[in-house]
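A.B. asks: Handing you a structure now.
The values are calculated or read from the model by the stated rules, or taken from the named source; none is laboratory data. On a predicted model such as this, the values are computed, not experimentally measured, just so you know. Cβ placement follows ideal geometry from the backbone for every residue including glycine, while neighbour counts extend to all protein chains displayed.
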């Protein structure tokens, strides 16, 4: 499994937000970890966190777009393939949003989904 087989992208708006947050935390070279965790009303919840440690060669795949380094473990990538991380800002909410073509349904609260 390698990054040529799988696709994970980030929108320019989301990339700017990631860069701003990395600068604010003083770690501009950190990775953005994306992944899945079992749980929630529908089965899975998304994981989004900054990671200062280098990725593990045997477990992680690294994607770079707009100078943002994103790392995903191979198991999560099976369900995140084709996903775009976007930034949403409206009167009601603002934050990162996963645009995942593998998502079959999500719960009413919007925090979990199934594939």
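A.B. asks: Identify the single condition in (1) in contact with a helix residue (DSSP H, G or I) (Cβ under 6 Å, 6 or more places away or on another chain); (2) at pLDDT 90 or above; (3) not in a strand (DSSP E or B) that residue 36 does not satisfy, given that it satisfies every other one.
C.D. replies: The one condition residue 36 does not meet is (3).
A.B. asks: Also, I was wondering about something else. Any residue in the range 92-105 that is at pLDDT 95 or above and under 14 Å from the mean Cα position of the chain (by Cα)?
C.D. replies: There is no residue in the range 92-105 that is at pLDDT 95 or above and under 14 Å from the mean Cα position of the chain (by Cα).
Quick grid of which residues meet (1) surrounded by 14 or more Cβ atoms within 10 Å (Cβ to Cβ); (2) on the phi > 0 side of the Ramachandran plot:
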residue: 26; (1), (2): no, yes
residue: 38; (1), (2): no, no
residue: 43; (1), (2): yes, yes
residue: 56; (1), (2): no, no
residue: 59; (1), (2): no, no
residue: 70; (1), (2): yes, no
residue: 77; (1), (2): yes, no
residue: 81; (1), (2): yes, no
residue: 87; (1), (2): yes, no
